[in-house]
Amino acid sequence: MNLYARRRFRNHVILTLSVGATVVGLGWLVLILGALLYQGLSGLSLAVFTEMTPPPGADGGLLNPIIGSLMMTILAVAIGTPIGILAGTYMAEYGKYAKLTMVVRFINDILLSAPSIVVGLFIYEILVAPMGHFSGWAGAVALAVIVVPVVVRTTEDMLSLVPRELREAATALGMPRAHVIGYVSYRAARAGMITGVLLAIARISGETAPLLFTSLNNQFFSADLNAPISSLPVVIFQFALSPYADWQKLAWIGALIITFAVLALSITARALSATRTSK
Amino acid sequence: MHEAGRQKVVDLALSGSIEASAAASRTKILGRLRLSDGAFRHLTRAAAVLVLVLLSGVIISLIQGSLPAIQAFGLNFLIEERWNPVTERFGAFAPIYGTLITSFLAMLIAVPLGLLISLFLTEICPMWLRRPIGIAIELLAGIPSIIYGIWGLFVFAPFLQRTVQPFLIDLFGNVPVLSSLFEGPPYGIGMLTAGLILAIMVLPFITSISRDVFEAVPPVLKEAAYGVGCTTWEVVRHVVLPYARVGVLGGVMLGLGRALGETMAVTFVIGNAHKVSASILAPGTTISATIANEFTEAVGDLYTSALITLGLILFAITFIVLAIARLMLMRIERRVG
């Protein structure tokens, strides 16, 4: 083989490998979604949304974990979003060039990918241990700790994209800074900021690790945030590892519900940010 | 900030002539606006500081929680293999070993795969397909880790047990050194399975970052290389990769940080055995899996404290890895921006 043929051959090998790698990557996604649909769809019925988690061997649904997950998610977003938006506002508006902003950005990016089980330990230490019992509040706060970095990051990014001229024009009219932010910056960055919140919801709705020892689990219906509360991911964890076939079935159904809720959220978020950037 | 406040700002801006009484009210309103502006400013600042407080809170609470175990075992904790809740002898060597090995396996698979996919996305893929494929790969990152766990346990592990693992055992059974790596019965679950699942999970992080840095390579450089007759692979190997090196490394470190701390998926498929074995087919445990499995069942202060110490070790490792990743990515951002 002469040099030219060898170079071409090597090029072909690598390019084929790269196509192969992409097929493998996409294949995983198809395999996982396929398994979820195959295992979960057959059991999906109205009863799943209207009945409690059953004891082994009986029929039932996932009503209490769904309610628990919804309550904790809403609460976590309600706690985490304002903090995240305010912090992001400081970083993009007031303190764009401040040292504090640089430090917070660095730390926030680390918190963004920090292991979520450590968050669970942290909340256990500061809330569960002093209170003496597991509770839905602790679970919600743990999730809120995960929401904050996501919202901080997107808020800062989106506010930084707002053209400076808009702010200058508003300031020239005599608007105080807080009004400029509230009536100009936030409005211009709204779609992006909503995207951030949606991504945060997507992120926490599947989080299991921080809930294991904060909200624990509850076999019975409970909407009491001051007591252990059931949540979809923890129930999936428990049921999937159980030896009972009908519990495992419910775990698959729960997994299907969570996955498609999360994928719907992240696709919506992407669509939102795409319309924003294409304008 | 409210409607009334805005109305006043607009009124003030519109009113051409200001009379004496209006001037007084104008001063009053301006004073109030300045006050609210200052309050809002401090509020946002406090929220930014809260992010720092969160991090220090995590560190302080972990250190505080791990004090009893550190006092009881000292540095021996790191190299002691035994983990016995009954006699309250705890050592972190097995989970640390498992964490490092599974993450290493994951990176071994995910890095070449991710780089090849970004090569495909930036050089070969037709324009109209780039976005859909990119999004599809990123969706892998959106799937919650517990889903990987349940899929790994019920679908992937049995598959490996039936096909890949017996094959590996046969293939390397008589090769020296390698045979100990692939020793033992095919359990299905174990460190190899955990590593493979982790590889799928970190793949989107590595892919999307390396794609972004590949795209940031100035076209002029690539065109020059093509101009002197380089093949696509030679352009990538000698122009794109050297230029994007720091960014790719940052992406790899970010993926590594994720892999080290990943909990639920690993908990399902690792097998939870507190022992160190050379074979990657054997069950093991990782730091996060140990905490997830045992924390609620831990009786006694020392047991709980030992688990929190594991959390502290995990946090320290991931913090260092992620900090390096961020510093590298910041360097490349500065160059691009």
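A Förster radius of 30 Å, combined with the Cβ-Cβ distance separating residue A:3 from residue B:124, puts the computed FRET efficiency at roughly 0.80. The figure for residue B:187 is an accessible area of roughly 110 square angstrom, using a 1.4 Å probe on the protein chains alone. For chain B, the gyration tensor built on C-alpha atoms gives an oblate shape. Its axis ratio a/c (a ≥ b ≥ c) is at least 1.5, and a/b is not larger than b/c. Taking other residues whose beta carbon is less than 11 angstrom from the beta carbon of residue A:117, and scoring Lys, Arg as +1 and Asp, Glu as -1, yields -2. On a per residue basis, the convex hull of the C-alpha atoms belonging to segment A:1-130 measures out at 282 Å³.
Spin-label model, residue B:35/residue A:96: points 7 Å from Cα along the beta carbon direction are separated by 3.0 nm. Tell me, how many Å apart are the Cα centres for segment A:214-255 and for segment A:159-180? If you average the Cα positions of each part, the centres end up 49 Å apart. Applied to segment B:106-123, the Karplus parametrisation 6.51 cos²θ - 1.76 cosθ + 1.60 on θ = phi - 60° returns per-residue 3J(HN,Hα) values of 4, 5, 4, 8, 6, 5, x, 4, x, 5, 5, 5, 5, 4, 4, 5, 9, 10 Hz, with x for Gly and Pro. Ordered from largest to smallest accessible area (heavy atoms of protein chains, 1.4 Å probe), the residues B:212, B:170 come out as B:170, B:212.
Sorting A:220, A:213 by solvent-accessible area of protein heavy atoms yields A:220, A:213, largest first, with a 1.4 Å probe. Model label sites at residue B:84 and residue B:136, defined 7 Å from Cα along the beta-carbon direction, differ in position by 5.4 nm. Work out the charge dipole of chain A with +1 on the Cβ of Lys and Arg and -1 on the Cβ of Asp and Glu about the Cα centre, then indicate which of A:34, A:186, A:140 is farthest towards its positive end. It is A:186. At a 1.4 Å probe, which residues in segment B:247-290 are at least 40 Å² less accessible with all protein chains present than in their chain isolated? Buried by the other chains: B:258, B:264, B:268.
For segment A:61-151, trypsin sites (Lys or Arg not before Pro) meeting the loop criterion (DSSP other than H, G, I, E, B) and having at most 15 other Cβ atoms within 10 Å: A:96.
Set the Förster distance to 22 Å, then compute FRET efficiency between residue B:276 and residue B:316 from the Cβ-Cβ distance, nearest 0.05. Could the numbers behind the result be given before it?
Details: r = 21 Å, r/R0 = 0.94.
Once the sixth-power term is evaluated, E becomes 0.60.
Per-residue ellipticity at 222 nm, computed for chain B from helices alone with -39500 (n - 2.57) per DSSP H run of at least four residues, works out to -23500 deg cm²/dmol.
Given a 1.4 Å probe and every protein chain left where it sits, what share in percent of the accessible area of the protein assembly as shown is carbon and sulfur?
Carbon and sulfur together cover 67 percent of it.
Burial annotation for segment A:60-94: residues with an accessible-area loss of at least 40 Å² between the isolated chain and the complete set of protein chains, computed on heavy atoms with a 1.4 Å probe, are A:83, A:86, A:90, A:94.
Using only the heavy atoms of the protein chains and a 1.4 Å probe, how would B:274, A:12 rank by accessible area, largest first?
On the way: B:274 50, A:12 105 Å².
The ordering from most to least exposed comes out as A:12, B:274.
The magnitude of the dipole of segment A:146-279, with charges of +1 and -1 set on the Cβ of Lys/Arg and Asp/Glu and taken from the Cα centre, is near 520 debye.
Normalised by the residues of chain B, what does the relative contact order come to in percent, with Cα pairs under 8 Å and at least six apart?
Numbers: 425 pairs, mean separation 84.3, N = 337.
Relative contact order comes out at 25 percent.
For residue B:43, the shell of other residues with beta-carbons less than 13 Å away shows a net charge of +1, using +1 for Lys and Arg and -1 for Asp and Glu.
With all protein chains kept in place, the per residue accessible area of chain A amounts to 42 square angstrom at a probe of 1.4 angstrom. Would you mind checking which residues have amide H under 5 Å from residue B:89's amide H? H placed 1.01 Å from N; only 5 or more apart, or other chain. The answer is B:84. To the nearest 10 square angstrom, how much accessible area does residue B:80 have with a 1.4 angstrom probe? Approximately 40 Å² for this residue. Burial here means at least 10 square angstrom less accessible surface with every protein chain in place than with the chain by itself, probed at 1.4 Å; in segment B:100-128 the buried residues are B:113, B:116, B:117, B:119, B:120, B:124.
Would you mind counting up the charge near residue A:45? Only other residues with Cβ under 11 Å from its Cβ, with Lys and Arg at +1 and Asp and Glu at -1.
-2
Solvent-accessible area lost on pairing A with B (1.4 Å probe, both sides summed) amounts to about 7700 Å².
The mean sequence distance of close C-alpha pairs (under 8 Å, at least 6 residues apart), as a share of the length of segment A:34-114, puts its relative contact order at 13 percent.
Normalised by the number of residues in chain A, the mean separation of alpha-carbon contacts (under 8 Å, six or more apart) gives a relative contact order of 26 percent.
With the Cα gyration tensor of the protein assembly as shown giving a ≥ b ≥ c as the square roots of its eigenvalues, does the rule (a/c under 1.5 for rounded; else a/b larger than b/c for prolate; else oblate) give rounded, prolate or oblate? Taking the square roots of the gyration eigenvalues as a ≥ b ≥ c, the protein assembly as shown is oblate. With bins 5 Å wide beginning at 0, the percent of Cα pairs of segment A:58-170 falling in each bin runs 2, 11, 16, 17, 16, 12, 10, 6, 4, 3, 1, 1, 0, 0. Which of the three applies to segment A:123-279, rounded, prolate or oblate, going by the alpha-carbon gyration tensor with a ≥ b ≥ c and a/c under 1.5 meaning rounded? Judged from the Cα gyration tensor, segment A:123-279 comes out oblate (a/c at least 1.5, b/c at or above a/b). Per residue, the accessible area of chain B comes to 45 Å², computed with a 1.4 Å probe over protein heavy atoms only. Remark: spin-label model distance residue B:75-residue A:187 equals 6.3 nm, labels positioned 7 Å along the Cα→Cβ axis.
Annotation: residue A:137 carries an accessible surface of approximately 110 Å², with a 1.4 Å probe and no ligand, DNA or RNA atoms counted.
The values are calculated or read from the model by the stated rules, or taken from the named source; none is laboratory data. Source: prediction; values computed, not measured. Quick reminder, even Gly has a Cβ in these numbers, built from the backbone with ideal geometry, and neighbours come from all protein chains shown. Note: accessible area is taken over every heavy atom of the protein model, side chains too, but ligands, DNA and RNA are not part of it. Shrake-Rupley method; radii C 1.70, N 1.55, O 1.52, S 1.80 Å.
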